[in-house]
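Written out below as structure tokens is the structure these notes cover.
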Number of protein chains: 2
Amino acid sequence: MLDFAILGLLREQPRHGYELKRALGDLGFWQVSFGSLYPALRRLEKQGFIEAAKGEGRRKAYRVTEPGRIRFGEMLLESGDDSDRDFQLRLAFLGYVAPQSRLGVLEDRRTALQDRLHGARRSFRGARSGARNPDRYRMALMERRVRSTEADIAWLDELIAGERSAAAGA
Amino acid sequence: MLDFAILGLLREQPRHGYELKRALGDLGFWQVSFGSLYPALRRLEKQGFIEAAKGEGRRKAYRVTEPGRIRFGEMLLESGDDSDRDFQLRLAFLGYVAPQSRLGVLEDRRTALQDRLHGARRSFRGARSGARNPDRYRMALMERRVRSTEADIAWLDELIAGERSAAAGA
DNA sequence: CTCCGATGTATCGAATCGATATAACTATAT
DNA sequence: ATATAGTTATATCGATTCGATACATCGGAG
């Protein structure tokens with residue numbers, strides 16, 4: 001997934017390593033480490049998906065190659081798992097997905113969140129009434145999970161609504 | 001942190017590997033893999049913090065040793081970073097923290113979340129009005145971050161209020 | 001009776017993390 | 001002028017964690 005993120009960010013503009021780390025961190029949900037980033041850059045370079053040109057000073061400016069662009073396009077369409085980070089990353093690059101496919105991505109995510117919500121509610125209720133008596137803090141964790149999933153679905157529904165009206169308006 | 005989680009769960013009752021994975025997953029925020037769990041068990045056993053007794057069938061029932069209990073107590077007090085997962089894990093075992101120290105843990109977390117909220121709001125507003133024009137999806141991600149942090153603080157505040165009244169009532 | 005999913009332990013390679021090293025540049029304070 | 005400290009920048013190391021996979025047993029459904 002880091003490879004995907006790097007290709008996506010470099011697609012927008014050439015960047016050097018340090019700048020990539022900042023850009024990725026600025027997305028808000030992944031503080032990637034240098035120990036991941038630099039090996040990933042070398043990996044991608046060896047595969048021919050990116051290439052380095054020396055920038056000013058010590059900087060190494062990387063840019064995507066044509067095979068890299070193609071690879072990015074493929075990864076964009078691969079069925080995503082339901083990891084939060086993966087979805088957010090995919091969303092960050094949803095602008096590169098064909099407009100008619102975007103709604104599907106969002107709706108798949110909604111289904112996954114709905115499932116999660118059911119599971120969270122079930123364990124919350126089960127803990128409340130069951131034979132086991134979890135302490136206050138475990139209960140709070142379960143409640144947090146229910147609430148944050150609900151909030152996430154609400155946020156996603158707004159995004160879906162916006163997507164629908166964008167599709168209708170276009 | 002996995003070591004901490006294992007010691008905490010084994011403190012409650014002896015469990016075998018598969019059961020530990022389930023119990024950890026049931027906490028709701030960490031689906032640990034066997035590739036992490038079994039090496040961790042061997043690590044802890046070698047350090048003398050846990051010991052295995054053969055349970056029924058193939059099962060290996062692990063239980064905490066006295067050094068393990070002490071180690072767990074130490075880890076409980078170590079200053080936590082601001083990782084979400086670390087906090088939730090700490091919260092799951094907050095019942096083992098001395099009652100007069102619990103409020104401090106929660107308030108430290110609140111400070112960290114408040115900082116995060118400021119950062120999230122700053123980048124949200126900056127992106128809205130700045131020279132850069134991020135696409136709809138990036139904006140949505142930033143808004144999500146703001147909202148979920150707000151919701152998390154609200155949830156935490158309820159927990160803190162409950163903690164205060166518990167302290168007063170006792 | 002057989003197939004299938006859950007239980008259970010285990011390992012492998014790869015990805016990622018967190019800490020650290022190094023060094024130059026920049027601003028601030030003394 | 002010159003320490004001091006923080007940011008920029010690339011890089012590597014060991015340890016942790018992940019995801020996939022292997023293998024075997026057990027219980028229930030068809």
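Some notes on this structure:
- On the rotation that sends chain B to chain A, the chain B Cβ lying closest to the axis gives residue and distance in whole Å as B:ALA151, 3.
- In order along the stretch A:100-108, the Karplus-derived 3J(HN,Hα) couplings, from 6.51 cos²θ - 1.76 cosθ + 1.60 at θ = phi - 60°, round to 6, 9, 5, 4, x, 4, 5, 6, 4 Hz, and Gly and Pro are given as x.
- Between the beta carbons of B:GLU45 and A:ALA168, assuming R0 = 45 Å, the FRET efficiency works out to 0.15 to the nearest 0.05.
- FRET E, pair B:ARG122, A:SER129, Förster distance 45 Å, beta-carbon r, rounded to 0.05: 0.55
- Surface/4 of the Cα convex hull for chain A, nm²: 12.8
- Lysines with Cα under 23 Å of A:LYS21, excluding same-chain neighbours fewer than 8 positions away: A:LYS46, A:LYS54, A:LYS60
- Net charge, B:LEU20 excluded, C-beta distance under 14 Å - Lys, Arg +1, Asp, Glu -1: +4
- Relative to the other identical copies, A:ALA112 shows label-point distances of 2.5 nm, where the label point lies 7 Å from Cα along the Cβ direction and values run shortest first.
- Local electrostatic count at A:VAL32 - Lys and Arg +1, Asp and Glu -1, tallied over other residues with Cβ under 12 Å: +1
- Cα lying deepest toward the dipole's positive end in chain B, options B:VAL97, B:PHE87, B:TYR38, charges on Cβ: B:TYR38
- For A:LYS60, the residues whose amide H sits under 5 Å from its own are A:GLY17, A:GLY55, ignoring neighbours fewer than 5 places away on the same chain, with H placed 1.01 Å from N.
- Residue among A:LEU141, A:LEU37, A:LEU20 with the largest mean-square fluctuation in a Gaussian network model of chain A, springs linking Cα atoms under 10 Å: A:LEU141
- Pairwise centroid distance, computed over Cα atoms, of the stretch B:143-170 with the stretch B:50-104, Å: 23
- Peptide A:80-89 has a mean shielding of 1, counted as Cβ atoms of other protein chains within 10 Å of each residue's Cβ.
- Rolling a 1.4 angstrom probe over the stretch A:98-169 with all protein chains present gives an accessible area of which 51% lies on carbon and sulfur atoms.
The values are calculated or read from the model by the stated rules, or taken from the named source; none is laboratory data. Because the structure is predicted, anything quoted here is derived from the model rather than measured. Don't worry about glycine lacking a Cβ; one is built from the backbone with ideal geometry, like all the others, and counts go over all protein chains shown. The area values use the complete protein model at the heavy-atom level, side chains included, leaving out ligands, DNA and RNA. Shrake-Rupley method; radii C 1.70, N 1.55, O 1.52, S 1.80 Å.
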